[in-house]
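See below for the structure under consideration.
The values are calculated or read from the model by the stated rules, or taken from the named source; none is laboratory data. The structure presented is a predicted model; accordingly, all values stated were derived computationally and were not measured. Glycine also receives a Cβ, built like all others from the backbone with ideal geometry; neighbour counts cover every protein chain displayed. Note: areas computed on protein heavy atoms with side chains; ligands, DNA, RNA excluded. Shrake-Rupley method; radii C 1.70, N 1.55, O 1.52, S 1.80 Å.
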Amino acid sequence: MNSRLFGLLLWLLLAPLSYAADPITDYKLAAGDVLRITVFGEPELSIKKVRLNDAGTFSYPFLGEIVAKGLTPNQVERRIVDGLKQGYLVDPKVSISQIEYRPFYINGEVQKPGSYAFVPGLTLEKAIALGGGLTERASMKRVTILRGDGGPPLEDNISRTTVISPGDTISIAQGFF
């Protein structure tokens, strides 16, 4: 085997290990997220579409109000399984799917400021495109991103490839000419 082919194969094997954690895998739920809950063999316990309310909760049969805010979908799934085991089902098989993410917002010097549906893989470049593009006065050097998860705002080192998360608010200011 020649060294180029060996190098390519080695890179293909090791490249996935070098990436950071996927933000969607570690995604924390909040108000506005929409879930599908499936309990296998129990259609009356399955919910096709439930939107988390302003408090980040939803009502579930037998268990009442489920707090989902700040939890991952897997953690909510575990809560439902544990709750259903308490006298309702012997071995519940529960699956939670994220149907919709909460929207992101873009304002300032874009053609169509407003809220837009979040999709995984969203970058600042794509968010600007959804907002109709930049105005003539926009400054890419004066962009602020307020994180929807309450993290610190981004003001430095923002580029068109910066990853946008659900609930983020992007503000694009005017440039001074």
Inset, instruction - Determine whether Y88 is open to solvent by 40 Å² or more (accessible area, probe 1.4 Å) and either modelled with pLDDT under 95 or farther than 17 Å from T169 by Cβ (or both). - result: yes
Inset, instruction - Answer yes or no: is there a residue in segment 52-73 that is part of a strand (DSSP E or B), among the hydroxyl-bearing types (S, T, Y), in contact (Cβ under 8 Å) with a residue 12 or more places away in the chain and crowded, with 18+ Cβ neighbours inside 10 Å. - result: yes
Inset, instruction - Among the numbered conditions (1) surrounded by 18 or more Cβ atoms within 10 Å (Cβ to Cβ); (2) not in a loop (DSSP other than H, G, I, E, B), tell me where N107 comes up short. - result: (1)
Inset, instruction - Tally the residues that are over 21 Å from the mean Cα position of the chain (by Cα) and either aliphatic (A, V, I, L, M) or closer than 14 Å to Y116 by Cβ (or both), restricting the search to segment 150-177. - result: 2
Legend entry - Per-region count, segment 78-92, residues touching a residue at least 40 places away in the same chain (Cβ under 8 Å) and in a helix (DSSP H, G or I): 2
Inset, instruction - Report, by residue number, each residue of segment 70-95 that is within 18 Å of the chain's Cα centre (by Cα) and on the phi > 0 side of the Ramachandran plot. - result: G70
Inset, instruction - Answer yes or no: is there a residue in segment 122-145 that is surrounded by 12 or more Cβ atoms within 10 Å (Cβ to Cβ) and within 22 Å of R36 (Cα to Cα). - result: no
